[in-house]
């Protein structure tokens, strides 16, 4: 191998310029990816499309991964409980909020070549680093458990027993993890993520009144009647379905693992924007798909096992119900893959051990133990009898929204650190948008706490 071009394209600033004997497995794989990017930039024909294909990944995966089982169940519950009206913008607007957060995350990873957990420990010390990790571990574990709930709920439509469904899901998650190559893992995850688009034809089969949909999105209908706490829980759930701590940790580490650099920031934004757009459309589709239940006066509370597919079959047919169930399975599988990766990346960074999907298992045992162990424990939790699955899914999303403000404070401080970011620090517009997101989340959290006290 010609080592000179490999060395020039190494993503790690520590390893760049090292001798061939010092290069790691991770360095060589990442350098090969960078050489592919250089060739794409040098090509004259189809260069923009080729570059987009090479760079699409972290942004798309973080958003479609966040369209996970609890999120899609939350959106479906929204459509089933309130129909078309106030909550449609509540589903769409948070995706714009999430883009503000994830763009900063992508930029931070591309400039520093370091993961989020590592930067927090380095810049803010052990106490705040431990606080951030505890926040991440709690949220990730509960959310990961709910991903297997989604797989179990979707598989129940096909008559698959819970233990079999969860076991097969674990096999898929493990298989994706053991590729030993970030690029391969990313392409497999993207192929799985494409199944999130199945919610779009399901929404079309539900035949929602499109004039009402456009009216709700443009004019924003008034708040629905009902207990304030119920409405706030659903608002917080839909916010938490879109803006969550694991997304920050995952995308920054994935950008580093992919080897993105400051000159890649523009196309990294495109990747993140594409992910946001696809996820927003799919999330909206999940809510619209469930609106027949609202129109026919059926209570969403009846579906404690996530049996939306069965309930919707009379109005969207066998094909629509099948697609809805497959979509739930996909949502759970993809999120289980990305969320477990988020936890493993963070632990690897903090423990200063191998933490790249470019490493083979034998050379990064702690990293892969966290990947597999967190998924296995979460899968086991799901098999406990008589668990109110939909209710827990909503609670998990509410918890995610409440955990987000501290994560955003750390992120804002990091992207405004000129020593870290150089000329890529936040400008005034980015800071204003990010602070607005923090304020909205804090106000929603305070409103939720107030409603809990008076209920």
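Within the range 165-186, the residues that satisfy the criterion of being closer than 21 Å to residue 359 by Cα, in contact (Cβ under 8 Å) with a residue 60 or more places away in the chain and outside any loop (DSSP other than H, G, I, E, B) are 170, 172, 173, 174, 176, 177, 182, 183, 185, 186.
Yes/no per residue for (1) crowded, with 20+ Cβ neighbours inside 10 Å; (2) under 30 Å from residue 317 (Cβ atoms); (3) at pLDDT below 85:
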site	(1), (2), (3)
101	yes, no, no
138	no, no, yes
149	yes, yes, yes
158	no, yes, no
169	yes, yes, no
185	yes, no, no
200	no, yes, no
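Filtered by the rule that a residue be more than 9 Å from residue 81 (Cα to Cα), at pLDDT 75 or above and surrounded by 24 or more Cβ atoms within 10 Å (Cβ to Cβ), the range 291-312 gives 308, 309, 312.
Filtered by the rule that a residue be touching a helix residue (DSSP H, G or I) at 6+ places or on another chain (Cβ under 8 Å) and at positive phi, the range 113-136 gives a lone residue, 113. Residue pairs, Cβ under 6 Å, 6 or more apart or interchain, first in the range 71-100 and touching a residue at least 24 places away in the same chain (Cβ under 8 Å) and at positive phi, second assigned to a helix (DSSP H, G or I) and crowded, with 24+ Cβ neighbours inside 10 Å. List them. Matching pairs, first to second residue: 83/291.
Does residue 175 meet the test of being closer than 26 Å to residue 322 by Cβ, at pLDDT below 90 and buried (at least 20 other Cβ atoms within 10 Å of the Cβ)? When the stated conditions are applied, residue 175 does not pass them.
For (1) modelled with pLDDT of 80 or more; (2) under 17 Å from residue 133 (Cα atoms); (3) under 20 Å from the mean Cα position of the chain (by Cα), each residue gets a yes or a no:
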position: 344; (1), (2), (3): yes, yes, yes
position: 366; (1), (2), (3): yes, yes, no
position: 379; (1), (2), (3): yes, no, yes
position: 390; (1), (2), (3): no, no, yes
position: 406; (1), (2), (3): yes, yes, yes
position: 432; (1), (2), (3): yes, no, no
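Taken together, 154, 180 contain a single residue that is on the phi > 0 side of the Ramachandran plot and modelled with pLDDT under 90, which is 180.
Quick one: in the range 58-81, which of the residues that are crowded, with 24+ Cβ neighbours inside 10 Å and more than 13 Å from the chain's Cα centre (by Cα) is nearest to residue 279 (Cα to Cα)? The qualifying residue nearest to residue 279 (Cα to Cα) is 75.
The values are calculated or read from the model by the stated rules, or taken from the named source; none is laboratory data. Computed from a prediction, not measured in an experiment: that's the story for all the values here. Here the Cβ is made from the backbone with ideal geometry for all residues, glycine too, and neighbour counts use every protein chain on show.
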